[in-house]
Amino acid sequence: MVLSSYANREIAALGQAFDPKGKSINGYQVNIGELKLTDGRNYTPSTPTGFAVKDRYHTNEIDVVWNRTDYSKVKQYNLYAKLNNGKEEFLGGVYGDNFYVKNLDKHVVALKLTAVGADQSESKPAIIELESKDYLSKVSVNETAEGFDISWGKENRGSKVRFDLSFTDGRKDTYTKTLDIKLASGKFEVPVKDDDRYLLRISTLDKRENVIDTVSYAGKMKDIYSESFDGSYYINGNKLWIDVPSSKDWWHTYITVNGVAVKPTKKYDGATTDYFIRGYHDLNGLSIPVEGSVIGITLEGYKGNMTKSRILR
């Protein structure tokens with residue numbers, strides 16, 4: 001229907017009706033796919049660019065990213081999964097530059113991303129093929145007291161395998177190790193394991209050390225470390241003042257003077273212990289026998305991890 005004769009007027013409603021001229025029609029059916037109001041212009045966006053896998057996890061989680069276009073040209077991005085039977089499933093739509101899929105069906109062979117214009121038309125899709133001989137396979141990761149034991153299938157393509165470890169809870173240190181892919185297994189040592197959340201990326205590399213594929217593992221490390229005392233102290237007369245430890249998980253503080261344990265008293269029953277309890281005992285005003293005494297401080301974490309004793313003179 002052409003609306004040029006109604007130019008400069010407002011549309012109050014849009015609908016469709018059928019007039020059977022007062023007659024009853026048996027078995028009549030109408031399927032309406034779309035009612036569309038258009039100005040005749042082409043609002044279909046270009047194919048999205050930069051469509052790629054950011055993280056692919058061993059738990060079938062996947063995070064994809066792309067280059068976002070200004071909202072004046074693209075109103076939404078639609079993500080589809082192509083199954084191995086040829087069918088497509090709509091995974092979701094968003095105006096953004098990334099999409100996270102919690103559990104990708106094992107029958108998905110490709111992901112398709114389209115850009116949606118102002119008239120709801122969709123662009124040609126950007127495609128990520130998920131069936132590839134380059135994909136890293138048969139990966140196994142086991143956490144140990146030293147770090148990780150990692151293995152991978154001998155059929156994987158590439159020259160080397162690289163491990164990259166970072167942390168997602170504020171810890172800034174990172175670790176990297178590269179091995180010959182023919183080894184099919186290796187150890188990845190991590191010097192400090194302190195109940196931290198981590199992201200482990202395992203990548204295959206070609207001869208030029210370009211990344212072929214990456215699979216990610218996320219988890220929480222075992223707590224087998226406690227941070228040593230990093231504070232200071234001062235002495236006034238025969239009294240000792242000690243800084244409160246900055247360690248996030250210290251529970252008990254053990255103090256020795258000239259090798260002899262300082263034993264605080266519990267207020268409610270008068271019993272003595274050979275450690276100071278966090279939030280209960282005061283670390284200030286402790287008696288010391290003579291000036292020049294050797295003071296030792298050891299911390300214990302909530303899970304029983306003991307630090308090396310720090311000696312203060």
Notebook entry, point to check: Using r as the Cβ-Cβ distance of Tyr280 and Ser166, and R0 as 30 Å, what FRET efficiency do you calculate, to the nearest 0.05?
Noted result: 0.25
Checklist line | Anchor Lys102: aspartates and glutamates whose Cα lies under 13 Å away (excluding residues fewer than 8 positions away in-chain) | finding: Asp55, Glu61, Asp63
Next item on the list: Can you tell me how much longer the chain between Ser287 and Lys36 gets when fully stretched, taken as 0.36 nm per residue apart minus their C-alpha distance, in nm with one decimal?
Entry: 81.7 nm
Check: Carbon and sulfur: what percent of the chain's accessible surface (1.4 Å probe)?
Finding: 47
Check: In whole angstrom, how long is each semi-axis of the equivalent ellipsoid of the stretch 9-58, when you take the square root of 5 times every eigenvalue of its Cα gyration tensor and sort them from largest down?
Finding: 43, 22, 10
Check: Quick one: if the Förster radius is 25 Å, what FRET efficiency do Lys87 and Ser137 give, using the C-beta to C-beta distance and rounding to 0.05?
Finding: 0.50
Checklist line | Bins of 5 Å from zero: percent of alpha-carbon pairs in the stretch 138-278 | finding: 2, 8, 14, 15, 12, 9, 7, 7, 7, 6, 5, 4, 2, 1, 0
Notebook entry, point to check: Leaving out same-chain residues fewer than 8 places away, which lysines sit with a Cα under 16 Å from that of Lys187?
Noted result: Lys160, Lys177
Note to self: Just the number please: accessible area per residue for the chain, 1.4 Å probe, all protein chains included, in Å².
What the structure shows: 64
Note to self: Can you tell me the length gained on complete extension of the stretch Val244 to Ala110, counting 0.36 nm per residue apart and subtracting the Cα distance?
What the structure shows: 42.7 nm
Next item on the list: Provide the FRET efficiency to the nearest 0.05 for the Lys266-Thr59 pair, computing r from the beta carbons and using R0 = 51 Å.
Entry: 0.60
Check: Quick one: Kirkwood hydrodynamic radius for the chain, alpha-carbon pairs, angstrom, one decimal?
Finding: 26.3
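The values are calculated or read from the model by the stated rules, or taken from the named source; none is laboratory data. Note that the structure is a prediction, hence the values are computed from the model and not measured. No Cβ is skipped: glycine too gets one built from the backbone with ideal geometry, and neighbour counts run over all protein chains shown. These accessible areas exclude ligands, DNA and RNA; they are computed on the full protein's heavy atoms, side chains included. Shrake-Rupley method; radii C 1.70, N 1.55, O 1.52, S 1.80 Å.
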